[in-house]
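The values are calculated or read from the model by the stated rules, or taken from the named source; none is laboratory data. As the structure is a computational prediction, the values presented were derived from the model and not from experiment. Cβ atoms come from the backbone with ideal geometry, glycine included; neighbour counts cover every protein chain shown. Ligands, DNA and RNA are excluded from the accessible area calculation, which covers all protein heavy atoms including side chains. Shrake-Rupley method; radii C 1.70, N 1.55, O 1.52, S 1.80 Å.
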Amino acid sequence: MRVRKVVIPVAGWGTRSLPASKNIPKEMLPVYDKPVIQHVVEEAVRAGIRDVVFVTSRNKAVIGDHFDYNLQLEEVLTKAGKAALLRKVRDTAEMIDVIEVRQKKQLGLGHAVLCTRAAVGNEPFAVMVGDDFITGDGAGLEQLVQAAEKYNMPVVGVMEVPADRIDRYGMVKGDEIADGIFRISEMVEKPAVGTTDAKLAIVGRYVLPSDIFDYLDTSEPGHGGELQLTDSLAALAKDRGMLAVRMKGIRFDAGDWVDYLCANIFFGLQDESLRAALREKLQRLALI
Ligand code: UTP
């Protein structure tokens, strides 16, 4: 199974990120010096994928623009001799090829993926949610793509979550067939706390065959009246089998304020030119 395309839905309202996301997509909020969506896209690029299908909505054009040239800005930076900044700005335009697909009503993640049927066509593809990213060597989507290619099966990315948080995720159970790779035997969307001993949560990374569109097309709205991707995944897993890959690395959900704020500090501390001053200020404010 060769994966060339990734679908990244970015059409949601971002209500948890208001008022910051009133006029700026939450996917464009900065995590240190890059918008959230660039962290997501760089994870896809590390997995060897450069064809990106963004599922957008009104006021999200700025996301596509971020991955395009800004020739006027490039001229200003060239004239000012700011070569390092010029490279960074140009790199974002050259890292991926973009297709934009419109989701006209925000009917859920499953619906967002269904909107890409014509753009994806008849080949396996990856899905990444646009507000969630994983950092770490070889961590994240790369692990899923490798497993899908090796076993020729659909794959979801999972992480262990505390038992009192399982009601926020699609949860899976399965037999471990290789280190960190599970053959899924059970999948349930947002189970009530205490109703399952499943510990592995699906966290926004998938490699799927194009058959998933048939399942989505005939699926009924589920939890919250939205077309849930997990409902179609569960049906596909039952019919064809599916793997779960336990992802390494650190995951940040930028739609959650604690994760978002931690991500900013985490990436700030990675930058040697900032580290000492940032630590000193955090200490002075008695924050660490
Ligand atoms: P979320 O549920 O985290 O995003 O969906 P949201 O609905 O925008 O945010 P809140 O919960 O109101 O704060 C994960 C990803 O799926 C996209 C979102 O843009 C986000 O990147 N999404 C969600 C869509 O593209 N379409 C939808 O109908 C729902």
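Couple of notes before you dig in:
- Within segment 169-194, the set of residues being free of Cβ contacts under 8 Å to residues at least 24 places away in the same chain and within 17 Å of the chain's Cα centre (by Cα) is empty.
- Against the list (1) of a type outside the set (S, T, N, Q); (2) under 18 Å from residue 43 (Cα atoms); (3) buried (at least 17 other Cβ atoms within 10 Å of the Cβ), the condition residue 101 fails is (2).
- Of the criteria (1) within 19 Å of residue 234 (Cα to Cα); (2) open to solvent by less than 10 Å² (accessible area, probe 1.4 Å), which one residue 159 fails: (2)
- If you go through segment 34-65 and keep only what is without any contact (Cβ under 8 Å) to a residue 40 or more places away in the chain and touching a strand residue (DSSP E or B) at 6+ places or on another chain (Cβ under 6 Å), you end up with just 64.
- Residues being open to solvent by less than 60 Å² (accessible area, probe 1.4 Å), charged (D, E, K, R) and either within 8 Å of the ligand (Cβ to nearest atom) or without any contact (Cβ under 8 Å) to a residue 24 or more places away in the chain (or both) - total across segment 1-33: 2
- Residue match in segment 168-176 (condition: more than 16 Å from residue 243 (Cα to Cα) and surrounded by fewer than 16 Cβ atoms within 10 Å (Cβ to Cβ)): yes
- Sole residue being in contact (Cβ under 8 Å) with a residue 12 or more places away in the chain, open to solvent by 40 Å² or more (accessible area, probe 1.4 Å) and closer than 24 Å to residue 211 by Cβ, chosen from 114, 107: 107
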